[in-house]
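> Pasting a structure below so you can have a look.
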Amino acid sequence: MTRILILLLLAFATPVLAQDDARELAAREARLEALQSRIGELGEALASKRERAGGLEAELARLEQRIGEQRRALSRLDASLARQAERIADLRQRLEQTEQQAAGHRQILIESIRAMHRQGGATPLRLLLGESDPARLQRLMAYQRRLGEVRGERLEAARAVISRLSERRKALQVALEAQRADRERRAAALAKLQRTLGEREALLASLRGEIESDDAALAAVRDEAASLRSLIDSLRDELSAAGPMTGEKRGLDRGRLDWPVEGPLLARFGSERVEGLNWTGLLIGGEAGAAVHPVAPGQVVFADWLRGVGLLLIIDHGKGYLSLYGRNQALYFDVGDWVDTNDVIATVGRSGGRPETALYFELRAGGEPVDPLAWLPATGNRG
C-alpha cells in the first residue's frame, strides 16, 4: 500500500518538476544573453578607450619629439650665446682700445693747433715776406704743406675711428637683441609645448587608470618588449648587412664600463616587472634634465621615439654589443654619430608617458639582454 502511494506521488510530481526545470533553463538562458550583451558593451568601451590611448600616445610621441628638438635647439643657442658673449667681451676691449686711439688723435690735433697758434699763424705769405734765405724758405713752406697734410690725415683717421666705433656699437646692440629675442621665443614655445604635454599626460593617465583593471598595462609592456625585440633584431640584421664601417668599435669590457647616470636603482635586471614579464635592463632614478653619458665609445644606430620607451638612443659598440638609453627628455646625437664616454647623449626624463623620472638602460649581447650590473663597476652609483 505504501509503495503504491509513493508511485502515485511521483506520478503527480513529475510534471511539476519538469515545469520548474524549464523555468530555470529559461532564466539561465536570459541571464547568459544579458551577460553576452554586457560583455559586448564592455569590449566596445575598452576598445574605444584603447584607441583613444593609442591616439594620445601618438600625440605624446610628436610632442616629446618636438620638446626634445626645442631643448636641443636651446642647448645649441645657449652655446652660441656663450660664444657671442666671448666675442662681445673681445669687441668691448677693442672698442676701449679704439677710444684710446681716438683720444690720442684728438690730443695730437689739439697740440698741433696750439703749436700753430704759438707760431702766430705762419701762413705761406708771411713766410715769404719775412724770410730772406731761399733754401730755408723752401724748407719752411714744404714743412707747412706737410703739416697740413698730417693734420688732414689725422683728422680723417679720427673720424674713421669714431665711425667704426659707432658701427660696432650698433652691431653689438643688434646682435644682443636678436639673440635675446630668439632665446625668449624658443623658451616660450618650449613652455607652451610643456603645458600641452602635461595636459595630454594627465588625460592619458586617466585613461590608463580606467583600463588598468582590464590588464592593459600587461599588454602594453608585452607590446613594448615585442617592439624592442623587433627593433633590436632589425638593427642587428642591418648592422650585419652593412659590414664594417669607418671608426673603431672594440666591443665592451666586463666591469670596466661607465655608469650612464648617477641615481638610485628603481628596478634591476631579472626582477618582476608585471605578471609573467621581467625587467631586461635597469631603471635608474634621476633628476629631470640630468646628463646621460654612454657607457663606452660607439656609434649611434637609433635615435627616435619608441612606444613604451619614449625617446630612445641605441649605441653600437661592436662585436655584437649594443647599449640602450630610454625615457629621455631630449636626444643630442643622431644616427651615424660617434660618441665617447664624456659626451652628453641625452637628458633624463619620463617620455613614453611614464609616471617616474628615470633612465631605462639596457645592454644587449648578440641581440639578447644581459645583466648590466655584471658589466658596470660596483662603485660610482647609488642604489
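The values are calculated or read from the model by the stated rules, or taken from the named source; none is laboratory data. These figures come from a predicted structure and were not determined experimentally. Here the Cβ positions follow ideal geometry from the backbone for every residue, glycine too, while neighbour counts run over all protein chains shown. Calculation scope for accessible area: heavy atoms of the full protein, side chains included, ligands and nucleic acids excluded. Shrake-Rupley method; radii C 1.70, N 1.55, O 1.52, S 1.80 Å.
Residues checked against (1) open to solvent by less than 10 Å² (accessible area, probe 1.4 Å); (2) over 29 Å from ARG250 (Cα atoms); (3) more than 20 Å from the chain's Cα centre (by Cα):
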site	(1), (2), (3)
GLY263	yes, no, no
TRP279	no, no, yes
LEU282	yes, no, yes
ALA290	no, no, no
PHE302	no, no, no
LEU306	no, no, no
LEU312	yes, no, no
ILE315	yes, no, no
LYS319	no, no, yes
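> Same structure again: Out of the residues in the range 54-107 that are open to solvent by 60 Å² or more (accessible area, probe 1.4 Å) and of a type in the set (Asp, Glu), state the one that is nearest to ALA202 (Cα to Cα).
Ranking the qualifying residues of the range 54-107, first place goes to GLU69.
> Here is a further query. Are there strands (runs of 3 or more DSSP E) fully within the range 258-332 with at least 3 residues that are under 20 Å from LEU376 (Cβ atoms)? List them.
265-267, 282-285, 310-318, 321-331
> Pairs only if they're at least six apart or on different chains, beta carbon under 9 angstrom, first in the range 357-371 and hydroxyl-bearing (Ser, Thr, Tyr) and modelled with pLDDT of 95 or more, second open to solvent by less than 10 Å² (accessible area, probe 1.4 Å) and outside any strand (DSSP E or B); list them, first residue then second.
TYR360/GLY281; TYR360/VAL309; TYR360/GLY352
> Sticking with this structure for a sec: Do we have ARG250 as part of a loop (DSSP other than H, G, I, E, B), at pLDDT below 75 and open to solvent by 50 Å² or more (accessible area, probe 1.4 Å) here?
yes
> Right, next: So, in the range 108-129, of the ones that are at pLDDT 65 or above and loosely packed, with under 13 Cβ neighbours inside 10 Å, which residue ends up nearest to ALA175 (Cα to Cα)?
This residue is ILE110.
> Would you check if ARG169 is open to solvent by 100 Å² or more (accessible area, probe 1.4 Å), at pLDDT 75 or above, assigned to a helix (DSSP H, G or I) and within 30 Å of ALA82 (Cα to Cα)?
On the way: open to solvent by 100 Å² or more (accessible area, probe 1.4 Å): yes; at pLDDT 75 or above: no; assigned to a helix (DSSP H, G or I): yes; within 30 Å of ALA82 (Cα to Cα): yes.
Criteria not met by ARG169.
> Turning to a different aspect of this structure: Given the residues ALA365, ALA330, which is the only one that is within 26 Å of ARG66 (Cα to Cα) and touching a Gly at 6+ places or on another chain (Cβ under 8 Å)?
Selected residue: ALA330, the only one of ALA365, ALA330 that is within 26 Å of ARG66 (Cα to Cα) and touching a Gly at 6+ places or on another chain (Cβ under 8 Å).
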